[in-house]
Each structure stands twice: as structure tokens, then as C-alpha cells.
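Rule-based calculations on the coordinates, nothing more; no lab input. Note that the structure is a prediction, hence the values are computed from the model and not measured. Don't worry about glycine lacking a Cβ; one is built from the backbone with ideal geometry, like all the others, and counts go over all protein chains shown.
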Amino acid sequence: MSLPIRRIAHLDMDAFYASVELLRYPELRGLPVVIGGRAIHQPTLQEDGSRSFVKLRDYVGRGVITTSTYEARALGVFSAMGTMKAAKLAPDAILLPVDFDSYRRYSKLFKAAVATIAPVIEDRGIDEIYIDLTEVPGETVELAQRIKDAVRDATGLSCSIGISPNKLLSKICSELDKPNGLTVLSMADVPTRIWPMPARKINGIGPKASAKLAALGINTIGELAQTEPAFLQEHFGLSYAVWLHAASNGLDERPVVTDQETKSISRETTFERDLDAKRDRAILSEIFTDLCTRLASDLKRKGYVSGTIGIKLRFDDFKIVTRDQTLTIPTADPVAIRRAAGECLRRAPLERKLRLLGVRASGLSDPKDVNEQEQVQQQLL
């Protein structure tokens with residue numbers, strides 16, 4: 001008896017942080033809005049009841065954009081961009097401070113709404129999930145629309161859904177019709193819908209790999225699929241070549257994972273451009289502190305403390321370096337995490353430009369267990 005064809009969905013909330021802010025400030029709909037300000041950039045209420053908003057042109061400092069509305073993206077403003085650079089591109093864009101408590105609240109709401117229809121969910125972050133619809137009754141498009149409607153009813157927000165036989169293709173097709181998209185893809189559609197797309201559209205092919213492929217005369221996913229694996233191995237190594245060949249042909253057997261034990265929690269960001277550790281020190285420092293703060297928030301939200309803090313660096317030559325530091329006392333404190341991560345950074349080579357920066361918490365435990373251990377140690381002293 002043959003197994004049923006898998007139906008895997010990738011659900012991605014549309015401009016999530018910005019969309020949550022537009023619920024709060026509906027008068028900003030249709031305008032370029034940037035999220036990434038500080039508390040001082042809160043809107044002020046005027047005597048006539050209207051709000052006065054800070055313009056991006058008025059920003060002073062070395063902050064980093066967290067996200068932006070589609071209108072701001074059309075002007076070239078994207079996440080992880082330096083705020084001063086963004087101000088040059090879109091000086092009249094509205095600047096709002098981040099509010100992670102609100103974003104986490106809406107994240108829980110949309111995931112709970114999806115679970116009422118399709119409970120097999122893999123959480124991929126605050127604004128995206130994979131859903132296994134294989135055993136869920138209903139026609140695919142109708143089922144996807146039910147999920148989209150449930151998300152909107154629960155949050156007032158729109159999402160985009162891509163459905164295919166696997167996670168890789170669903171990730172691609174959830175981006176095809178944003179915002180508020182619904183795209184269904186079969187393996188038979190790969191040559192016509194996927195192969196004409198640029199190779200960089202495959203999640204896992206970054207700017208450097210894309211540029212290297214282009215230098216080899218490989219620009220589209222279709223051209224990559226038709227390239228001999230031996231040729232790819234010569235230029236990319238065995239493991240990455242095998243993955244490139246499979247991915248370009250739309251093959252991906254990864255399951256939707258729902259119940260794996262949390263062994264570590266991490267936060268990382270890929271920069272819009274490669275950053276130099278010395279020349280871009282202020283920007284990197286702000287990003288680094290923000291990652292540590294978010295990691296601490298994740299730990300507290302999930303009820304963990306961490307005994308080991310680590311960093312991950314990806315350089316412009318795609319080499320990855322990691323460093324770890326074991327703590328005397330497990331923590332979820334952002335200051336302690338930033339201090340430990342900083343110690344790790346000081347032990348890392350920083351001669352090349354950085355493409356990615358990440359912070360990881362491992363050795364996770366329950367704060368109650370740590371407190372009990374400390375009490376025992378005190379009694380033995």
C-alpha cells in the first residue's frame with residue numbers, strides 16, 4: 001500500500017512586526033513605516049486627539065532596522081539595515097519603537113488559531129510555522145483558506161501560505177504571492193514554476209553561493225538542476241553539492257517536527273552587506289546586544305536558564321566559527337548573556353568581514369532546579 005502524498009504548508013505572517021503596529025496605529029496604513037526605534041520614538045498624542053510620529057530623517061545614532069512595511073521595502077529599506085542608511089533612502093518614513101511583548105502575544109494567538117484546524121505544527125520562529133496537512137480532511141485550497149481566515153479572525157492580521165509535498169518547496173511558494181498569498185504547488189509544477197526562478201530563491205543559497213553559481217554560468221534553479229553533480233562537487237564540496245542538486249529538483253524529505261526536546265535556543269541575523277569588525281564596530285555592537293536581549297527574552301518566555309552561552313560567526317568566505325563559554329551560574333539575564341557572549345567574541349578571529357552573527361544558549365535547565373542546587377551548595381559550605 002503506497003503512502004499518501006504529503007501536504008506540507010509553510011505559513012509566514014506578512015510583515016509581522018510592522019503589521020502588529022498598524023493594528024495599533026491604523027492611520028499609518030499605506031505609508032512607509034520602519035520598526036527599529038527606541039522608547040524615545042514613541043508617538044505623542046496631540047491636543048486634537050491625533051498622533052504625531054517621528055520621521056526616519058530625525059533619527060540620530062547607530063541603530064539597526066528590525067523590519068519595515070512593504071511600502072518602506074519598495075524604497076529599499078529592509079531588516080538589519082543601518083538606520084542612518086535607511087534614513088537616506090526613505091527620510092519621510094515613520095519610525096516606531098519595537099514592542100516584542102506585543103509581537104509575542106500575537107504570535108501565540110496565530111499559532112493557537114492554526115492548531116485548532118491542523119495540530120501538527122513545527123514552530124520556526126515568532127512569525128512562521130510549518131504545518132503537516134497530510135492527514136487533515138479537506139480540499140487543499142479550501143483548507144488553506146480556512147487557516148488564513150482563522151489567523152485573521154484571531155489576530156486581525158494576514159498571512160501567506162505555500163503548500164507542496166515538502167518543506168523546501170512550501171517555503172519558496174509562500175513567498176510567491178505575498179502579501180496575503182495562497183499558493184499550491186505539486187512536483188509536476190517544479191519545471192514551470194520553480195526552475196525559471198533565480199537560484200538564490202532556494203532557502204540555503206545565500207548571496208555568496210549565488211554569486212559563485214552565477215560566475216559558473218548557473219543563474220536559475222533550472223540551470224542548477226541540470227548541472228552535473230560532479231561539477232557541483234568540484235566547486236562546492238560533496239555535501240553542499242548533493243544538497244544543491246536535490247534542492248534544485250524540489251526534493252526534500254525533512255519531516256515536520258513537533259515534539260523535539262529543546263536543547264538550545266539561538267538568535268542570529270544575516271547582514272544585508274558584509275560588515276567589518278573595526279569599521280562597523282558600532283553597528284555590530286548594537287546588533288550583538290539586541291540578539292543577546294532577544295535571546296534572554298526567549299529563555300524567560302520558555303522557562304529556561306542557560307549554563308553555556310555561545311556565538312556563531314559566518315565570514316565572507318562562508319567559513320563558520322563558533323565559540324562557547326560555560327557559566328558558573330546558569331542565567332537568563334540579558335546583561336550576563338551579553339557579557340559571556342562578548343568573552344566568546346574576544347576569542348574569535350575577526351580579520352575577515354562578517355556575513356552572519358548569532359548568539360546561542362545551551363545547557364538549558366529549569367530555574368527551580370538551579371535554585372535548589374544553589375541551596376544545597378550553601379548548606380555544604
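Points worth noting:
- Stretch gain in nm, segment K208-T140, where the contour uses 0.36 nm per residue and the Cα spacing is subtracted: 20.8 nm
- Each peptide among 72-83, 137-148 gets the average number of other Cβ atoms lying within 10 Å of its residues, and from highest to lowest they stand as 72-83, 137-148.
- Percentage of interatomic Cα-Cα distances in the stretch 16-98 larger than 15 Å: 49
- Values of log10 I(q)/I(0) for the stretch 73-150 across q = 0.20, 0.22, 0.26 Å⁻¹ run -0.89, -0.97, -1.18, by the Debye formula with one identical scatterer at each alpha carbon and no solvent.
- Gain on full stretching of the segment that runs from S50 to L216 - 0.36 nm per residue minus C-alpha separation: 54.1 nm
- Net length gained if the chain between D92 and R301 were fully extended (0.36 nm per residue, minus Cα distance): 71.7 nm
- Structure remark: mean-square fluctuation, Gaussian network model of the chain, C-alpha springs under 10 Å; the largest value among Y25, Y106, Y304 belongs to Y25.
- Percent of Cα pairs exceeding the 13 Å cut-off, where the set is the stretch 89-130: 62
- Fluctuation leader among V136, V151, V33 - the chain, Gaussian network, Cα springs under 10 angstrom: V136
- Legend: helices of the chain (whole DSSP H runs) are marked when their alpha-carbon atoms reach 24 angstrom or more along the helix axis and their mean Kyte-Doolittle hydropathy is at least -1.0; marked are 281-302.
- FRET efficiency estimate (nearest 0.05) - Cβ-Cβ, L109 to A230, R0 30 angstrom: 0.05
- At q = 0.15 Å⁻¹, base-10 log of I(q)/I(0) for the stretch 264-372 (Debye sum, equal scatterers on each alpha carbon): -0.58
- When each of K108/K167; K263/K312; K88/K208 is checked by Cα-Cα distance, pairs over 24 Å: K88/K208
- Modelled FRET efficiency - R0 35 Å, D324 with D153, Cβ distances, 0.05 increments: 0.20
- MRE, 222 nm, helices only [DSSP H, n ≥ 4, -39500 (n - 2.57), over the chain, to nearest 500]: -11000 deg cm²/dmol
- Pair S239, E253: separation of 7 Å Cα→Cβ label points (nm): 1.7
- A viscosity of 1.306 mPa s and a temperature of 10 °C, combined with the Kirkwood radius over Cα pairs in Stokes-Einstein, give a translational diffusion coefficient for the chain of 69 µm²/s.
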